[in-house]
1. Go through (1) farther than 21 Å from VAL157 by Cβ; (2) open to solvent by less than 30 Å² (accessible area, probe 1.4 Å); (3) charged (D, E, K, R) for ARG125 and report which single condition fails.
2. Being assigned to a helix (DSSP H, G or I) and either surrounded by fewer than 16 Cβ atoms within 10 Å (Cβ to Cβ) or not aliphatic (A, V, I, L, M) (or both), is that true of even one residue in region 47-58?
3. Residues that are more than 25 Å from the chain's Cα centre (by Cα): find the strands (runs of 3 or more DSSP E) completely inside region 244-350 holding 3 or more of those.
4. Against the definition (in contact (Cβ under 8 Å) with a residue 24 or more places away in the chain, over 30 Å from PRO82 (Cβ atoms), acidic (Asp, Glu) and exposed (fewer than 15 other Cβ atoms within 10 Å of the Cβ)), how does GLU255 come out, yes or no?
5. Is there any pair linking a residue in region 102-115 that is farther than 20 Å from SER59 by Cβ and open to solvent by 10 Å² or more (accessible area, probe 1.4 Å) to one that is in a loop (DSSP other than H, G, I, E, B) and basic (Lys, Arg), with Cβ under 7 Å and at least six apart or on different chains, and which?
6. Evaluate the following for ARG71: is it surrounded by fewer than 23 Cβ atoms within 10 Å (Cβ to Cβ), among the charged types (D, E, K, R) and in contact with an Asp or Glu (Cβ under 8 Å, 6 or more places away or on another chain)?
7. Among (1) open to solvent by 10 Å² or more (accessible area, probe 1.4 Å); (2) not in a strand (DSSP E or B), there is one condition LEU185 misses while meeting the rest; what is its number?
8. Being at pLDDT 95 or above, under 27 Å from GLY150 (Cα atoms) and polar (S, T, N, Q) is the requirement here; does SER31 meet it?
Amino acid sequence: MAALMGNILQSPISTKFGIAILAIVLAGNSSVPTRAQAIRPASVSVEGSTAYIDGTITSEVAAEFTTLAARPGVKSVSLNSPGGRVFPALEIARAIKAAGLNTIVPPGDECHSACAFIFLAGSERIAQGKLGVHQISGVDDPSLTQTAIGQIYEDLVTFNAPSYLVSRMLRTPPEDMYIFTPEELERNSINIRDRSKGQAVPHLLPIETWLRQSWLVGVFLNTHTSQPFIALESDNMEPLLRIAHYPHRSQTFVEIMVPEGSISGTSARLELRFAHGNDEPFSLFVDADIETNAYAFDFPTDPVAIQKFWAAFAAGTELAVLNSFGVEIGRYSLAGSRRALDDFFKVALR
């Protein structure tokens, strides 16, 4: 590990860009049925006050739905779909949002991939069946340009999509599907049973992202401040480790997100312990502020300390974070960290 760290420390790129400026290209929820989705004929119907969508989402389904949903008395939409085309799904979702309809995934049914956009548009939304998400990908659909994908995430903001759901989406490759547990649906306000208690606007809006094994590199918009920032985030979300850089104010800091109210005090000395196979671990120590839901610390201003951090991050195989009592706060695989840093350097130099 020491030799590899030495090579990185000697790199003129790592010396020039000691702070985190990270770039992202989005991979996301498939616009066409993926291997994770079974294609089956779709049907749209209305019974009483409920509209039903059953099957793969297509342009024809969207056109038929908007006609049926305009009928007087329709109040909710029942979903059973493996997914399908993204833009027709968004057309349906916008119609649901505009009409103030509720959405339901009944027990035993599924709502995966593009169908999840439709579900999220409900004023009240209850998934008792399986709700699944994954990354958006333009591989099979040229219409899904980077700009278009950014607009999709803007729609998710208007649907009050919880940040937790978006984070899971970004971390799940297009060929896989993340299925939320009943506990996740309730705990993270994915299910909304009372429209008056709907989520606030999500804090983070993805603009571009890359998933590099255990690390997500991305450009995000802070919707509270309307300021863009660049982030390197762990795939492990319990707790999430985020390195954030705000270019407009040249600030780089690290956050370790924990459940709100689970820590107390004003500051803590943390150990960042980097492992590399059977080699002796390498540790860095930082003084972190304690916030309501995070440990947070600024990157050091010393160039040597910055270089040591990035070298250990790229060369190590695992990172453990311990508090001042030696208790482990979080443990993170460093698989893909070197490639994530390569992405960072490419973007920083362009």
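1. (1)
2. As a first pass, look at region 47-58 and keep what is assigned to a helix (DSSP H, G or I): none.
Within region 47-58, none of the residues are assigned to a helix (DSSP H, G or I) and either surrounded by fewer than 16 Cβ atoms within 10 Å (Cβ to Cβ) or not aliphatic (A, V, I, L, M) (or both).
3. The strands (runs of 3 or more DSSP E) meeting that bar are 267-275, 282-290.
4. Numbers: in contact (Cβ under 8 Å) with a residue 24 or more places away in the chain: yes; over 30 Å from PRO82 (Cβ atoms): yes; acidic (Asp, Glu): yes; exposed (fewer than 15 other Cβ atoms within 10 Å of the Cβ): no.
Considered against the rule, which asks whether it is in contact (Cβ under 8 Å) with a residue 24 or more places away in the chain, over 30 Å from PRO82 (Cβ atoms), acidic (Asp, Glu) and exposed (fewer than 15 other Cβ atoms within 10 Å of the Cβ), GLU255 comes out as no.
5. ASN102/LYS75
6. Details: surrounded by fewer than 23 Cβ atoms within 10 Å (Cβ to Cβ): yes; among the charged types (D, E, K, R): yes; in contact with an Asp or Glu (Cβ under 8 Å, 6 or more places away or on another chain): no.
It is false that ARG71 is surrounded by fewer than 23 Cβ atoms within 10 Å (Cβ to Cβ), among the charged types (D, E, K, R) and in contact with an Asp or Glu (Cβ under 8 Å, 6 or more places away or on another chain).
7. LEU185 satisfies every listed condition except (1).
8. Details: at pLDDT 95 or above: no; under 27 Å from GLY150 (Cα atoms): yes; polar (S, T, N, Q): yes.
Considered against the rule, which asks whether it is at pLDDT 95 or above, under 27 Å from GLY150 (Cα atoms) and polar (S, T, N, Q), SER31 comes out as no.
The values are calculated or read from the model by the stated rules, or taken from the named source; none is laboratory data. Predicted model, so just to flag it, every value in this text is computed and none were measured. We place every Cβ from the backbone using ideal geometry, glycine too, and count neighbours over all the protein chains shown. To get the accessible areas, we keep the full protein, side chains included, count just its heavy atoms, and leave off ligands, DNA and RNA. Shrake-Rupley method; radii C 1.70, N 1.55, O 1.52, S 1.80 Å.
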